[in-house]
Every structure is written in structure tokens, then in C-alpha cells.
Amino acid sequence: MKHLAAVEYGWFCETFGGQAEPLPFDPDDENAELRVLPHETTADIVQFYGRARAAADRVSDGLDLDDVGKAWFREAGSLRWVLIHLIEETARHAGYVLAEQVTPGPDSPEGDYPAEIAAWLLARRATTVRRAARC
């Protein structure tokens, strides 16, 4: 979920000129945004994701589906492409959250990732699905 928040900020805010808060990237650790730090709670990460989604919604609400932004690494493509890409990204990571419930990994916070989070992630993405359907 922390990674998804960073992705929301990156693809929507950075690509299309919106405001983003500091992201959990570390040049010495390419997977930093995938880890829950000892001081972070589920509530902290859910709130971070909520702020990222709200910022992404503000940016995308002001754009047309064919508007093109500039990504950090190349031409990003249209808002339409970004919306569809984020549907895929969210579904993939919701699946990871569910998989953690079945077989927790070595970095999984014990009991700190309820399965309801995966359903919440997908429900939050419903507005994106509706908007992308206009494609």
C-alpha cells in the first residue's frame, strides 16, 4: 500500500504537475517504499495512501483523458493510459496483500495487514475504473 501511494503521487502528481508530499524513496534501497518501517502503523500507511489518492483525484479531475504528461523517466502518455496502468497496478498489489494473509513473508508485519485492506484498495480504485471506462 505504501508503494501504491508513491505510485499515485508519481504517476498523477509528478507526471501532470500536481502537489506531492515527500515520497519514501531511498537511493540506497530500491525497495524502500515496499517496506513497512518499525515506526509505521497500518493506520499511517492507509492515511498516506488516502492522501495520495486525494491528490491524484484532484489532478486527474482537472484533465482530459487525452492530456499527456511528462513522467520522471520519459513521456508518460495520456491520462487515459495512466488511469488504466493504475488499475492494473492496484489490482496486482491488492493481490499481494491477500497473498500475505495466506503466506506471510519475512518482512510482513505480524497481524498488521488485515485482508480488508485489499478490498479497500480495489474499492478506492472504482472511481478510476469508471473514469477509464470513458476511454
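Of a type in the set (A, V, I, L, M) and in contact with a Pro (Cβ under 7 Å, 6 or more places away or on another chain): does that describe ALA52? When the stated conditions are applied, ALA52 does not pass them. Restricted to the range 65-90, and to residues there that are out of contact with any helix residue (DSSP H, G or I) (no Cβ under 7 Å at 6 or more places or on another chain) and assigned to a loop (DSSP other than H, G, I, E, B), the residue that is farthest from HIS3 (Cα to Cα) is ARG74.
Among the residues of the range 20-56, those that are of a type outside the set (A, V, I, L, M, F, W, C) and touching a helix residue (DSSP H, G or I) at 6+ places or on another chain (Cβ under 7 Å) comprise GLU21, PRO24, ASP26, GLU33, TYR49, ARG53.
Assuming SER60 fulfils every condition listed in (1) under 18 Å from GLU88 (Cα atoms); (2) of a type in the set (S, T, N, Q); (3) outside any helix (DSSP H, G or I) apart from one, which condition is it? The one condition SER60 does not meet is (3).
Quick grid of which residues meet (1) of a type in the set (Lys, Arg); (2) touching a Lys or Arg at 6+ places or on another chain (Cβ under 9 Å):
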residue: GLY17; (1), (2): no, yes
residue: ILE45; (1), (2): no, yes
residue: ALA55; (1), (2): no, no
residue: ARG58; (1), (2): yes, no
residue: VAL68; (1), (2): no, no
residue: LEU86; (1), (2): no, yes
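For the range 47-93, the set of residues classified as under 16 Å from PRO22 (Cα atoms) and at pLDDT 80 or above consists of GLN47, PHE48, TYR49, GLY50, ARG51, ALA52, ARG53, ALA54, ALA55, ALA56, listed by residue number.
Within the range 12-52, track down each residue that is of a type in the set (Phe, Trp, Tyr) and part of a loop (DSSP other than H, G, I, E, B).
The initial filter retains those residues of the range 12-52 that are of a type in the set (Phe, Trp, Tyr), namely 12, 16, 25, 48-49.
PHE25 - this is the single residue of the range 12-52 that is of a type in the set (Phe, Trp, Tyr) and part of a loop (DSSP other than H, G, I, E, B).
Among what's in the range 15-39 and is over 13 Å from the mean Cα position of the chain (by Cα) and touching a residue at least 24 places away in the same chain (Cβ under 8 Å), pick the residue that is surrounded by the fewest Cβ atoms within 10 Å (Cβ to Cβ). Looking at the filtered set, the residue picked out is GLN19.
The values are calculated or read from the model by the stated rules, or taken from the named source; none is laboratory data. If you're wondering where the values come from, they're calculated on a predicted model, not measured in any experiment. We place every Cβ from the backbone using ideal geometry, glycine too, and count neighbours over all the protein chains shown.
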